[in-house]
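*Asks:* Below is one structure. I have some questions about it.
None of the figures in this text is laboratory data; all of them are computed from the coordinates on show. Being a predicted model, the structure only gives us computed values, none of them experimental. Reconstructed Cβ throughout: ideal geometry from the backbone, glycine too, with neighbour counts over all protein chains shown.
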Amino acid sequence: MSHSRNTARFRVILIVITAILLMVLETASNFPNISTPLTSLELGARDTLMRLRGTRPTSGDIVIVAVDDPSFQWTQYEWPWPRTYLAQIVDAINQGGARVVGIDIFLTEAGRDAGGDEALSQALSQSASSVSDLEIFRNPQQGTTSLSLPIGPYRSVLKAMGITTIIQDRDAVTRSIQAYDSYGDQYYYNWAFQVAAQYLKASPPSNPTPSGLTFNHQQVPLRNGSLMVNYSGPAGTYPTYSAYQVALGDILKENPNAFKDKIVLIGSTTITLHDVYATPFSAQQPTAGVEVVANAIDTILNGSYLRETPPWVALLVIIFMAAAAGLISRIQRPSLTLILMAIGMMLYAAVTYIIFAAKGLYIPVAAPQLMLFLGVILPAIEQAVSQELEKRRVRNLFSRFISPEMVGQLIETQDINSLNKRANLSILFSDIRGFTSLSEKLSPEEVVSVLNPYLEAMTKIIDQFGGTVDKYEGDAILAFFGEPVVHEDHALRAVRTAVEMRAALAELDRQWERDGQPYHIEIGIGINSGEVFVGLLGSAQRINYTIIGDNVNLASRLQDLTKTYQWPILVSESTYEQIKDEFEAQLVDSVIVKGRSEAVKVYKVLGQKNTPRPQ
């Protein structure tokens with residue numbers, strides 16, 4: 001009972017330690033500059049939720065004019081393109097009736113073509129509304145910050161300007177954009193907000209904090225100052241037209257309403273300009289930066305903001321999962337434990353998916369799932385290890401008294417009474433000649449130094465041939481063959497054991513002689529085969545795996561007769577009939593032994609057949 005309580009207490013401690021560790025990691029992951037193993041797992045889980053949700057309808061208000069590879073091939077221009085050519089593209093977009101033109105190109109330096117800036121600024125002045133980029137550059141080494149705005153001709157015609165920072169997480173996947181930045185005492189907002197403000201004819205954002213800002217009379221949730229982009233789908237989700245086709249007028253010829261009342265974003269989609277990013281939808285097929293912005297603008301226009309639960313929710317769920325794991329781990333059936341754990345994990349995953357798909361709310365996934373998994377698996381592993389260690393302890397302990405095979409059956413059997421049976425076995429009884437008189441001449445320490453090596457050597461041979469030592473009676477050994485592991489050739493195994501015991505004894509004598517110890521002993525061995533009772537006998541406090549029956553007594557009588565006939569190995573007729581094909585044996589006598597009314601034929605084993613000399 002005490003052991004069970006200690007085990008249960010240890011499992012509770014294991015679950016509590018796991019919960020504390022996960023809560024510490026979860027708390028640390030909420031800090032902007034700290035990344036933990038849970039951070040990557042959580043981000044991966046969120047990407048999975050978004051992919052499972054699948055694509056969502058776009059607002060239909062955004063199109064992209066792509067600075068793509070076909071445009072480079074058609075124009076033969078190098079980057080940056082002439083501003084006069086960009087002016088042609090903007091003129092075509094204006095002709096199509098665009099409501100907002102967004103240029104994802106830095107206009108912070110003068111163009112290289114003569115008159116290009118005047119032409120482009122003139123084209124932008126004809127736009128209903130136009131937005132472009134600015135850059136706030138920080139040099140951590142020098143500790144300086146600089147602001148780069150579009151040059152003069154553009155500042156006078158652009159309706160708004162904004163930062164363009166796209167955030168890549170530590171796994172190089174883009175999930176958010178920087179919502180705002182500051183220079184001096186002035187805040188500058190991402191141009192995605194500025195484009196949306198122009199389209200909605202709303203005021204620019206205000207009241208920025210790391211957790212949110214105000215836009216269009218709504219509170220926009222932020223994560224550490226970043227807007228989480230609710231992607232509509234993978235790359236190519238938004239209508240995209242090649243810039244050269246726009247400049248040629250081909251797009252408006254095919255579809256005069258291609259730009260009508262739309263937000264038109266001009267930006268690079270070619271990989272050669274390195275403005276492409278992995279997203280939750282397109283880790284293998286990167287998405288152009290301008291399309292990332294398109295997804296961000298759509299998120300703002302639809303008000304479909306992604307939100308996170310407060311940090312305390314994650315801690316509460318971890319505690320709940322720890323309690324659930326504790327209850328599940330108390331179940332003693334491993335299969336049921338694993339089934340309940342799997343059901344719990346699937347239910348939690350389903351709940352988090354439903355809430356995300358319906359509300360855009362991220363509930364922590366990785367830490368709670370890990371808590372339930374580890375909270376069940378770790379105690380199960382601990383239980384398995386403890387049981388294995390206990391089995392080994394029991395095996396090592398009882399192997400000193402009974403055969404290893406018997407120990408295995410005792411540990412594995414589900415019905416201990418099945419070990420009690422009648423069986424046909426071969427019984428070996430051995431005894432040291434004159435050991436009583438020898439022990440009287442030796443000190444107790446010398447008796448032990450003789451008997452222990454002898455018993456160890458003999459037992460090793462018995463185990464080698466699959467026998468089981470029933471008991472030691474002083475210097476005598478009682479062993480049997482054929483149970484608990486059944487061997488049809490149990491008689492042969494018993495006789496082979498007897499022969500090897502004689503050989504081992506000779507080696508012991510030689511060792512004692514080399515060590516200068518004046519010991520020399522002889523043994524007699526009697527072997528009988530027949531039916532006996534074999535099983536577990538004893539009391540609740542002490543039990544023994546043993547054999548009883550008349551055939552056991554006969555083996556003992558045969559051992560006694562080895563003194564009479566002066567022969568070390570004697571076997572009964574039943575044993576002889578089973579070994580005669582392999583061993584030479586000679587009938588010694590027919591005698592009436594104590595406990596039997598009929599004469600018993602006694603054979604002496606001469607040696608193994610086909611050997612060059614008698615054994």
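*Asks:* I'd like the Karplus ³J(HN,Hα) series for region 19-26: coefficients 6.51, -1.76, 1.60, θ = phi - 60°, whole numbers in Hz, and an x wherever there's a Gly or Pro.
*Replies:* Computed from phi, the couplings for region 19-26 are 4, 4, 4, 5, 5, 5, 5, 5 Hz.
*Asks:* Only sites in a loop by DSSP and with at most 10 other Cβ atoms within 10 Å count here; which GluC sites (Glu not before Pro) in region 77-173 make the cut?
*Replies:* On the way: sites: Glu78, Glu109, Glu118, Glu135; in loops: Glu78, Glu109.
Sites meeting the loop and neighbour criteria: Glu78.
*Asks:* Additional query: Helix 366-398 versus the longest principal axis of the chain: what is the Cα-based angle in degrees, 0 to 90, to the nearest 10?
*Replies:* 10 degrees
*Asks:* Have a look at the DSSP beta bridges in the chain and tell me what percent are antiparallel, nearest 5.
*Replies:* Details: 64 of 89 bridges.
Close to 70 percent.
*Asks:* Would you mind listing how long region 60-302 runs along its three principal axes, going by Cα atoms, in whole Å with the largest first?
*Replies:* Cα extents, longest axis first: 46, 37, 37 Å.
*Asks:* Past 26 Å, Cα to Cα: identify those pairs from Lys441/Lys601; Lys580/Lys601; Lys421/Lys563; Lys201/Lys260, in the order given.
*Replies:* Violating the 26 Å limit, Cα to Cα: Lys441/Lys601; Lys421/Lys563.
*Asks:* Can I ask one more? Can you tell me the length gained on complete extension of the stretch Leu336 to Glu598, counting 0.36 nm per residue apart and subtracting the Cα distance?
*Replies:* Separation in residues times 0.36 nm, less the Cα-Cα distance, equals 88.1 nm.
*Asks:* May I ask you to evaluate 6.51 cos²θ - 1.76 cosθ + 1.60, the Karplus curve with θ = phi - 60°, for each residue of region 53-63 and list the ³J(HN,Hα) values in order in whole Hz, giving x for glycine and proline?
*Replies:* Computed from phi, the couplings for region 53-63 are 4, x, 5, 10, x, 7, 5, x, 9, 10, 10 Hz.
*Asks:* Moving to a separate point now. Taking the Cα centre of the chain as the origin and placing charges on Cβ (Lys, Arg +1; Asp, Glu -1), which of Ala45, Gly96, Val365 is farthest toward the positive end of the dipole?
*Replies:* The listed residue farthest towards the positive side: Val365.
*Asks:* Oh, and also: How many angstrom separate the Cα center of region 111-175 from the Cα center of region 519-574?
*Replies:* With region 111-175 and region 519-574 each reduced to a Cα centre, they are spaced 102 Å.
*Asks:* Could you work out how far helix 444-464 tilts from the main Cα principal axis of the chain, as a 0 to 90 degree angle to the nearest 10?
*Replies:* The angle comes out at about 70 degrees.
*Asks:* Further question: Are there GluC sites (Glu not before Pro) in region 452-552 that DSSP puts in a loop and that have at most 11 other Cβ atoms within 10 Å, and which ones?
*Replies:* Of the GluC sites (Glu not before Pro), the ones in loops of region 452-552 whose Cβ has at most 11 other Cβ atoms within 10 Å are Glu488.
*Asks:* So what are the three principal axis dimensions of the chain from its Cα atoms, in whole Å, longest to shortest?
*Replies:* Over the chain, Cα extents along the principal axes are 132, 54, 49 Å.
*Asks:* Amide H to amide H, which residues 5 or more places from Glu522 or on other chains are under 5 Å from it, using H placed in the peptide plane?
*Replies:* Arg433
*Asks:* Helix 289-302 versus the longest principal axis of the chain: what is the Cα-based angle in degrees, 0 to 90, to the nearest 10?
*Replies:* Relative to the chain, helix 289-302 is tipped by roughly 80 degrees.
*Asks:* Under a 5 Å amide H to amide H cut-off, with H placed in plane at 1.01 Å, what residues pair with Tyr241 once short-range neighbours are removed?
*Replies:* Ile64, Val65, Ala66
*Asks:* Over the Cα atoms of region 430-501, how large are the radius of gyration and the largest Cα-Cα distance (Dmax), in Å?
*Replies:* 13.8, 44
*Asks:* Long-range amide H contacts for Gln608: which residues qualify at under 5 Å (H placed 1.01 Å from N, peptide plane, sequence gap of 5 or more or a different chain)?
*Replies:* Those lying under 5 Å, H to H, from Gln608 are Glu584, Gln615.
*Asks:* Another one. Can you compute the helix-only [θ] at 222 nm over the chain? Use -39500 (n - 2.57) per DSSP H run of at least 4 residues, normalise by all residues, nearest 500 deg cm²/dmol.
*Replies:* Calculated from helices alone, the mean residue ellipticity at 222 nm is -14500 deg cm²/dmol.
*Asks:* I've got another one for you. In whole Hz and in residue order, list the ³J(HN,Hα) couplings for region 552-569 that follow from phi through the Karplus curve 6.51 cos²θ - 1.76 cosθ + 1.60, θ = phi - 60°; x for Gly and Pro.
*Replies:* For region 552-569, the Karplus-derived couplings read 5, 4, 5, 4, 5, 5, 4, 4, 4, 5, 4, 6, 5, 9, 6, 9, x, 10 Hz, x marking Gly and Pro.
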